[in-house]
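Q: Let me give you the structure first, and then I'll get to my questions.
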Amino acid sequence: MPDSEQTPLAAQRVRRDTASRTLAASRIADLAALDPAAAILMIESLRSSLDDTLQLLGEHIDPC
């Protein structure tokens, strides 16, 4: 779906689904087996997902 046709709700679903997949991937990863670089990448990915999720919640709580 082109960006011009994508609804805000559809975009929010994509953001939510992306955050859910990131969290699921981190849950199934063997954290003890990760090398330091992979662990850092996972942490950064989770931070980004958390930030996006909080922004998404903010859009529902305080829509502008």
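Values quoted throughout were computed directly from the atomic coordinates according to the rules given, and no laboratory measurement underlies them. Given the structure is predicted, the values throughout are model-derived calculations rather than measurements. Virtual Cβ from ideal backbone geometry, glycine too; neighbours counted across all protein chains shown.
Q: First select every other residue whose beta carbon is under 13 angstrom from the beta carbon of Leu56; then total the charges, Lys and Arg +1, Asp and Glu -1.
A: Values: positive: Arg13, Arg15, Arg16; negative: Asp17, Asp51, Asp52, Glu59, Asp62.
Overall, the nearby charge balance is -2.
Q: If you fit an axis through the alpha-carbon atoms of helix 8-28 and take the longest principal axis of the Cα set of the chain, what angle between them do you get, 0 to 90°, nearest 10?
A: 10
Q: Okay, next question. At q = 0.13, 0.14, 0.21, 0.25 Å⁻¹, what log₁₀ I(q)/I(0) does a Debye calculation on the Cα points of the chain give, no solvent, two decimals?
A: Log-scaled intensity ratios, in q order: -0.46, -0.52, -0.87, -1.04.
Q: If you don't mind, another one. With unit charges on the beta carbon (Lys/Arg positive, Asp/Glu negative), name the residue among Ile61, Ser20, Met42 whose Cα is farthest towards the positive pole of the charge dipole of the chain.
A: Towards the positive end, the residue furthest out is Ser20.
Q: Per DSSP helix of 4 or more residues, -39500 (n - 2.57); summed, then divided by the residues of the chain. What does that give at 222 nm, rounded to the nearest 500? Intermediate values should be presented prior to the final figure.
A: Values: 2 runs with 47 residues, N = 64.
Mean residue ellipticity, 222 nm, calculated: -26000 deg cm²/dmol.
Q: Another question, if that's okay. Please compute the length gained on full extension between Ala29 and Ser48, using 0.36 nm multiplied by the number of residues separating them and subtracting their Cα-Cα distance. The partial results should precede the final answer.
A: Details: separation 19, 0.36 × 19 = 6.84 nm, distance 1.77 nm.
The span from Ala29 to Ser48 would gain 5.1 nm if fully extended.
Q: State the extension gain, in nm to one decimal, for the chain segment bounded by Leu41 and Ala10, taking 0.36 nm per residue of separation less the distance between their alpha-carbons. Can you show the working numbers first?
A: Working: separation 31, 0.36 × 31 = 11.16 nm, distance 2.73 nm.
Full extension from Leu41 to Ala10 adds 8.4 nm.
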